[in-house]
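Accompanying notes for the structure given below.
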Amino acid sequence: MSVRVYIPTPFRRMVGNRVYVEAQGHTVDEVLADLDHQFPGFAQLVYDDRRRIPAHINVYLNNKEIHSLDGPGTQVQDGDEVAVIPAIAGGDGRVMNPDQVMRYSRHIIMPQVGPVGQRKLLDAKVLVIGAGGLGGPVAIYLAMAGVGTIGIVDFDVVDLSNLQRQVLHTTEDVGRPKVASAKEKLQAYNPDVRVVVHEEPITSANAMEIIPQYDVVVNGADNFATRYLVNDACYLHGKTLVDGSILLFDGQATVYVPGHGCYRCLFPEPPPPGLVPSCAEAGVLGSMTGIIGAIQATETLKQILGIGESLVGRLLIVDALTMEFRVMKTRRNPKCPLCGDHPTIHELIDYEEFCGAPFPHAPGD
């Protein structure tokens with residue numbers, strides 16, 4: 001049956017700003033399903049998570065409210081008119097508006113995400129350590145995915161040498177605080193996102209205050225002192241840590257979940273000062289930041305959504321010169337001083353002394 005459907009103003013952007021659209025079906029429910037087929041995401045405006053029409057949406061067939069008929073199963077005939085009428089004010093605050101449904105439509109149509117998963121992303125809070133090489137692509141992909149709150153820790157300013165790899169910043173940003181540049185770019189990508197800037201170094205003095213505010217922490221630090229500090233703080237506060245690192249043509253990524261190992265299980269002690277050069281000393285292929293950063297963003301989204309097989313218990317190693325990806329199994333070390341059977345670390349320590357080198361002037365490359 002061919003039915004004409006009236007589209008109210010708040011929903012018209014979903015259907016190309018048309019007032020009426022044609023849909024097929026033998027029942028009202030089939031007509032609405034056909035609309036969703038034509039305009040992916042439309043059903044999320046009409047149904048709740050249990051595929052029921054919520055109280056703030058009324059559906060009419062030929063000016064009669066369908067709940068006074070046979071509900072969504074009401075039969076339709078050729079030439080009938082269906083109208084979808086939402087409440088103009090009020091309603092369930094968790095319902096995405098039409099712009100959001102359109103923006104995230106490619107997520108919503110995925111069974112692994114759907115409207116429920118997209119709402120999880122909108123409610124999530126992720127902290128990114130460093131607005132540099134790794135933090136940039138991570139933050140951009142999280143913002144575009146609709147992660148509702150993104151925290152950025154960095155206190156450096158944009159330098160011309162950053163622009164070979166740090167995608168959050170442009171030539172016009174040279175000399176500006178990285179957090180200011182990052183906030184501006186992320187909100188330009190997606191105004192839905194709340195960007196919280198922490199224009200300060202992450203230290204033993206503030207880590208235990210900043211990290212508990214977030215659900216997941218993504219580490220883009222380029223120095224061992226910060227890496228051990230963030231690892232310890234995340235474990236002590238029960239936070240998932242998505243870790244990544246790069247140098248030259250190599251990259252690594254993994255995920256640490258309390259109870260399943262930590263950075264100290266993999267690397268109990270840092271290398272002696274000067275043995276492993278930094279990116280500033282040895283260099284890094286700019287595109288490596290995109291590869292590893294995108295992997296970190298993907299792992300973060302999987303953690304929020306609770307889907308797939310994560311890198312927990314696995315270390316992904318990328319060699320860009322040979323373009324080989326290797327996965328090494330990792331495990332929780334029962335002798336780990338932080339997460340082992342008999343831990344000796346119960347609070348943050350002096351990481352400059354532990355690593356034998358002071359914190360560099362910025363947390364992320």
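The values are calculated or read from the model by the stated rules, or taken from the named source; none is laboratory data. This is a predicted model, so every value here is computed, not measured. Neighbour counts are summed over all protein chains in view; Cβ atoms, including those assigned to glycine, are modelled from backbone coordinates with ideal geometry. Remember, those area values only see protein heavy atoms, side chains included, never the ligands or the DNA or RNA. Shrake-Rupley method; radii C 1.70, N 1.55, O 1.52, S 1.80 Å.
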> What number of residues within the range 1-43 are in a helix (DSSP H, G or I) and open to solvent by less than 40 Å² (accessible area, probe 1.4 Å)?
Replying inline: 9
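Could you list, in sequence order, all residues of the range 296-323 that are open to solvent by 80 Å² or more (accessible area, probe 1.4 Å) and free of Cβ contacts under 8 Å to residues at least 24 places away in the same chain?
Passing the criteria: 309, 323.
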> Among 230, 179, 167, which is the only one that is within 18 Å of residue 138 (Cβ to Cβ), hydrophobic (A, V, I, L, M, F, W, C) and open to solvent by 50 Å² or more (accessible area, probe 1.4 Å)?
Replying inline: 167
> Restricting the first residue to the range 154-179 and requiring it to be farther than 28 Å from residue 207 by Cα, which pairs with a second residue that is in a helix (DSSP H, G or I) and aliphatic (A, V, I, L, M) meet a Cβ separation below 8 Å and a spacing of at least six or different chains?
Replying inline: 170/163; 171/160; 171/163
>> Cβ-Cβ under 6 Å, sequence separation 6+ or interchain: first residue in the range 1-23 and free of Cβ contacts under 8 Å to residues at least 60 places away in the same chain and closer than 18 Å to residue 97 by Cβ, partner open to solvent by less than 60 Å² (accessible area, probe 1.4 Å) and outside any strand (DSSP E or B). Which pairs?
In response: 15/7; 15/39
>> Criterion first (under 24 Å from residue 292 (Cα atoms) and open to solvent by less than 20 Å² (accessible area, probe 1.4 Å)) does residue 141 satisfy it?
In response: no
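Is there a residue being within 21 Å of residue 304 (Cβ to Cβ), touching a helix residue (DSSP H, G or I) at 6+ places or on another chain (Cβ under 6 Å) and either surrounded by 19 or more Cβ atoms within 10 Å (Cβ to Cβ) or of a type in the set (A, V, I, L, M, F, W, C) (or both) anywhere in the range 199-210? Please lay out each step first, then the result.
Initially, the range 199-210 is screened for residues within 21 Å of residue 304 (Cβ to Cβ), giving 210.
Of the ones still in play, those that are also touching a helix residue (DSSP H, G or I) at 6+ places or on another chain (Cβ under 6 Å) are none.
No, the conditions are met nowhere in the range 199-210.
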> Can you tell me which residues in the range 236-262 are surrounded by fewer than 24 Cβ atoms within 10 Å (Cβ to Cβ) and not hydrophobic (A, V, I, L, M, F, W, C)?
Replying inline: 237, 238, 239, 240, 245, 250, 252, 258, 259, 260, 261
>> Please determine whether any residue of the range 42-59 is of a type in the set (Phe, Trp, Tyr) and over 30 Å from residue 303 (Cα atoms).
In response: no
>> Just to be sure before I move on: is residue 79 among the small types (Gly, Ala, Ser), loosely packed, with under 13 Cβ neighbours inside 10 Å and at pLDDT below 85 in the structure I sent?
In response: no
> When residues of the range 44-76 are filtered for being of a type in the set (S, T, N, Q) and buried (at least 19 other Cβ atoms within 10 Å of the Cβ), how many remain?
Replying inline: 2
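The rows are residues; the columns are (1) hydroxyl-bearing (Ser, Thr, Tyr); (2) within 23 Å of residue 43 (Cβ to Cβ); (3) open to solvent by 10 Å² or more (accessible area, probe 1.4 Å).
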position: 117; (1), (2), (3): no, yes, no
position: 126; (1), (2), (3): no, no, no
position: 133; (1), (2), (3): no, no, no
position: 147; (1), (2), (3): no, no, no
position: 155; (1), (2), (3): no, no, yes
> When you go through (1) more than 23 Å from residue 336 (Cα to Cα); (2) of a type outside the set (A, V, I, L, M, F, W, C); (3) touching a strand residue (DSSP E or B) at 6+ places or on another chain (Cβ under 8 Å); (4) crowded, with 19+ Cβ neighbours inside 10 Å one by one for residue 185, which number turns out not to apply?
Replying inline: (3)
>> Return the residues of the range 17-56 that are of a type in the set (Val, Ile, Thr) and either modelled with pLDDT of 90 or more or closer than 17 Å to residue 81 by Cβ (or both); say none if nothing qualifies.
In response: 19, 21, 27, 28, 31, 46
